1. Which condition number in (1) out of contact with any Gly (no Cβ under 6 Å at 6 or more places or on another chain); (2) crowded, with 19+ Cβ neighbours inside 10 Å is the one that residue A:106 fails?
2. Exactly one condition in (1) part of a loop (DSSP other than H, G, I, E, B); (2) in contact with a helix residue (DSSP H, G or I) (Cβ under 9 Å, 6 or more places away or on another chain) is not met by residue B:30; state its number.
3. Which residues, taken from region B:27-37, are within 24 Å of residue B:147 (Cβ to Cβ) and crowded, with 20+ Cβ neighbours inside 10 Å?
4. Has region B:57-80 got any residue that is under 28 Å from the mean Cα position of the chain (by Cα) and under 23 Å from residue B:140 (Cα atoms)?
5. If residue B:90 satisfies all but one of (1) touching a residue at least 60 places away in the same chain (Cβ under 8 Å); (2) in contact with a Ser or Thr (Cβ under 8 Å, 6 or more places away or on another chain), what's the number of the condition it fails?
6. Among the residues of region B:128-148, which ones are assigned to a helix (DSSP H, G or I), within 14 Å of another protein chain (Cβ to nearest Cβ) and crowded, with 17+ Cβ neighbours inside 10 Å?
7. For the condition touching a helix residue (DSSP H, G or I) at 6+ places or on another chain (Cβ under 7 Å) and either not polar (S, T, N, Q) or not in a strand (DSSP E or B) (or both), what is the one hit in B:298, B:268, B:308, B:293?
8. Could you say whether any residue in region B:149-172 is assigned to a helix (DSSP H, G or I), more than 18 Å from the chain's Cα centre (by Cα) and within 19 Å of residue B:45 (Cβ to Cβ)?
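The values are calculated or read from the model by the stated rules, or taken from the named source; none is laboratory data. What you see is a predicted model, and the numbers here were worked out from it, not measured in a lab. Positions of Cβ are backbone-derived with ideal geometry, glycine not excepted, and every protein chain shown enters the neighbour counts.
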Amino acid sequence: MSRSPAKRVAAPLAVALLALPLTVLVAQAFADVWRAPGVLPDELGWRGFELAFERAGAGEALLNSVVIGLLATALALVVGWPAARVLGQRLLPRNGLIFLLLALPLLMPPYLAGFGLTEWFIRLGLDDSLAGIVLAHLTFVLPYAIVILLSGFTARVDELEEMARVAGAGWLARLRLVTVPSLRPTIAAAALLAFLVSWSQYGTTLAVGAGRPTLPIVMLPFVRTDPQVAAALALVFLAPCLLALALAARAQRSPL
Amino acid sequence: MSAELRIEGLVVAPPGTTPVLRGVELAVPAGERAVLAGPSGAGKTTLLRAIAGLEDPAAGTIALGGSDQTGVPAHRRRMAMVFQDPRLLPHASVLDNIALPLRAAGVKRAERRRLAGEQLEEVGMAAFAERRVAGLSGGEAQRVALARALCAEPELLLLDEPLAALDPRRREALRRLIAELQERRSLTCLIVTHDRAEAAELGQSLALMIEGRIVQHDDPRTIFERPATRAVARFFGASNLLELPEHPGRVLAIRPEHVAIGSGTLRATVLESVYRGTQVALALDWQGRRIEALIDPADAPAAGATIAFELPAERLWAIPQTADERDLELRE
């Protein structure tokens, strides 16, 4: 395959533009000493990561964030699936209105949404718990998951399911052999976005979690006080996102 | 294996619309290949979907081998269906597509692959087993869909315009294949088509559906030459429907190819003369009546000519005009 000159220039340029902030971040995270006029760090070392894990509690925060992110993603897919199906196939008379109601939480500042939920969670005994944080995250995760999932429920999926019904497949066999494989790229995209939305929640976690650490919570204070620790934490923050992105990209390779 | 299909008083009326099926009566004996023909919108596909369990009837029964299927969910009916488009799973190989009914029935993998492989061979696609379905041509994909339907070992096979999307050469090959496989298993078979030539070629019996009812169900020759109503006559090309003073209360039907041109006592003016390759289509004016005829291009008169013609008595078929028929005519 021959590549046009434009592509030969454009591709590396795009990579460079994307990589530049990341390079600075990496340099910052490993710069134990970096004096003002110098373009490059003076001394490299692990101080940022040591402090991040020993003093800031990045380990616990990472674990919390992963658990919360995975639970919120799984719940959003399961709860969002039937809603997306009904909306995607336009089975309801006021489809647009219901869609709008579902998307409404996205217009609210996260801290306010979390603040409102806290009142309620205290009465339900859900405050200061992982379950409470997962539910609070769902307020924002679920609309995104639904918006993406509903685009997958096309007329073609209906036709294939009909075919499978006549071929003798009950609902579970249809789900396993026809619907989920047909929607695989859509499910992957929805899962990726759901995870990323939960992963970067700050306000809701702060309001509901009663100080329970997640990565954004432990990272933010260091941005002003110790940029090296903040950069190290940012890299810890970034790694699972890239992993999720890679997994989703793999799942995208499916025709329909 | 094969079972009789008997449909009685079947009504399908989706909420908020006019009924699509309005009391369908149809019986297909075990092992017979019946064709359901009719104009677009007559309700043919809806009938097929109702038989398969994809539409809920408001009234009536669908009996397969004597047992009513109306309460049985689609996946438990011992039927298979080939849709107009092949509806293959894009994420699975050709062989896995064919094995879908076996997989749904819980057949073990090795057995599944063996049986699906046999079906694939029967439709002449053995070399395609491990291929993805994306690269298949329309004809190949429809063969795979046929193999998948047969893989379920159904008691009744439903085909919805299976040849519609194919070019003439592939259409002919697949038509032969369907007939051959059906006969080898003596499988009860109901095929929907809107094409009258295809209907005659495929059907051992032929049912014509108009506006949600079966108006005639007979062997192809009877349908073509002795239509029960004007609508049947018109659909199957007996386009000359004459009301003559000598035959009060009846309509005489004669096919264009049976009108004898160049001899006889009747005189007509040629209105149109259209060359159609193997034949010339004539439109004649006979005492204010329009008559259509087909003739060999070598003998074709030009437009404007006055010619002699004849309506051979043995080719004329008198359609009795019943109340039901008048009712149908009024609504058309």
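1. Failing condition for residue A:106: (2).
2. Of (1) part of a loop (DSSP other than H, G, I, E, B); (2) in contact with a helix residue (DSSP H, G or I) (Cβ under 9 Å, 6 or more places away or on another chain), only one is false for residue B:30: (2).
3. If the condition is that a residue be within 24 Å of residue B:147 (Cβ to Cβ) and crowded, with 20+ Cβ neighbours inside 10 Å, then B:28, B:33, B:34, B:35, B:36 are the ones that fit.
4. yes
5. (1)
6. B:133, B:141, B:142, B:144, B:145, B:146, B:147, B:148, listed by residue number.
7. B:293
8. Yes, because at least one residue in region B:149-172 is assigned to a helix (DSSP H, G or I), more than 18 Å from the chain's Cα centre (by Cα) and within 19 Å of residue B:45 (Cβ to Cβ).
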